[in-house]
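The values are calculated or read from the model by the stated rules, or taken from the named source; none is laboratory data. Computed from a predicted structure; not experimentally measured. When we count neighbours, we look across all protein chains shown, and the Cβ atoms used for this are built from the backbone with ideal geometry, even at glycine. The area values use the complete protein model at the heavy-atom level, side chains included, leaving out ligands, DNA and RNA. Shrake-Rupley method; radii C 1.70, N 1.55, O 1.52, S 1.80 Å.
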Amino acid sequence: MDTIWLTGAEWVAVLRIGLGLWWLESWRHKDKKGWFERGTGIAWAADVAAKHRWNPVRSGFTTVVAPRPRTMAYVVVYAELALGLGLVVGFLTPIALVGGLLLNLLYLVLMIHDWAEQGQNTMMALISLVALFGMSWQTWSLDSALGLF
C-alpha cells in the first residue's frame with residue numbers, strides 16, 4: 001500500500017516508533033527516587049488495588065506485588081524503559097509489542113475506574129496490535145537489519 005508520503009510499511013514503523021517514544025516518556029516522567037527509595041509507585045498502586053471493585057485484582061496484587069514492592073518497582077520502571085528503547089530502535093520488536101500490550105492490559109485492568117488512564121492504555125494497546133499484525137519490525141529496525149523475525 002502506498003500513500004502520498006510514506007508506504008504502508010513505513011507508516012506502521014512510524015506507529016511503532018511513536019509508541020516507543022510514548023513508553024520512554026512514561027519512563028522519563030516517573031520519579032525514580034520516589035519509586036525505588038520511598039516506594040511511592042507501588043504504594044499508590046496498592047491503594048488503587050485495595051479499593052478495586054474486582055476481587056481477583058485485589059487478591060492478585062496482594063499475592064504477586066505486595067510481598068515484593070521494591071522488586072516490582074524496578075520491574076515496572078525498567079520494563080517501560082526496555083519497551084521504549086526496543087520499539088524505537090526496532091530490536092526484538094514482536095517481543096516488545098506483546099510485552100507492552102500485556103503491561104497496558106494490566107494497567108487498564110488496575111485503573112478500570114480512571115477514564116484518562118483507560119484512554120491512554122487502550123490507545124497504546126491498539127497501537128501495539130496494529131504494529132504487531134502489521135509486522136512493523138520489517139521497516140526501519142535493527143530486527144530487519146539483523147535478519148531477525
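Observations on the structure shown:
- Qualifying trypsin sites (Lys or Arg not before Pro) in the range 19-86, DSSP loop, other Cβ atoms within 10 Å at most 16: LYS51, ARG53
- PHE91 - accessible surface, heavy atoms, 1.4 Å probe, Å² rounded to 10: 90
- Dipole magnitude (debye, nearest 20) for the chain, charges at Cβ of Lys, Arg, Asp, Glu: 640
- Point-to-point label distance, ARG53-LEU21, nm (Cα→Cβ direction, 7 Å offset): 3.6
- With every protein chain in place, the chain: carbon and sulfur % of accessible area (1.4 Å): 71
- Helical content of the chain, expressed as a calculated mean residue ellipticity at 222 nm, amounts to -22000 deg cm²/dmol (DSSP H runs of 4 or more residues, -39,500 (n - 2.57) each, divided by residue number, nearest 500).
- Over the range 64-149, Cα pairs under 8 Å with separation of 6+ residues give a relative contact order of 31 percent.
- Computed from Cα positions, the angle between helix 93-110 and the longest principal axis of the chain comes to roughly 30 degrees.
- Option label - Rg and Dmax of the Cα atoms in Å computed here, alternatives (1) 15.4, 47; (2) 16.8, 53; (3) 14.6, 44: (2)
- Solvent-accessible ranking of MET72, MET123, largest area first, probe 1.4 Å: MET123, MET72
- Degrees, to the nearest 10: 8-28 long Cα axis against longest axis of the chain: 30
- Rolling a 1.4 Å probe over the protein heavy atoms gives the range 1-99 an accessible area of 58 Å² per residue.
- Solvent-accessible area of ASP114 with every protein chain in place, 1.4 Å probe, in Å² to the nearest 10: 50
- The long axis of helix 115-133 is offset from the longest Cα principal axis of the chain by roughly 40 degrees.
- Accessible surface, 1.4 Å probe, highest first, among residues TYR78, TYR107: TYR78, TYR107
- For VAL57, the accessible area of its heavy atoms, probed at 1.4 Å with every protein chain present, is near 30 square angstrom.
- Potential lengthening between VAL130 and ILE4 on full extension [0.36 nm per residue; Cα-Cα distance subtracted]: 43.3 nm
- Relative contact order (%) - criterion: Cα under 8 Å, at least six apart; region: the range 41-104: 22
- Between the alpha-carbon centres of the range 120-137 and the range 31-48 there is a gap of 28 Å.
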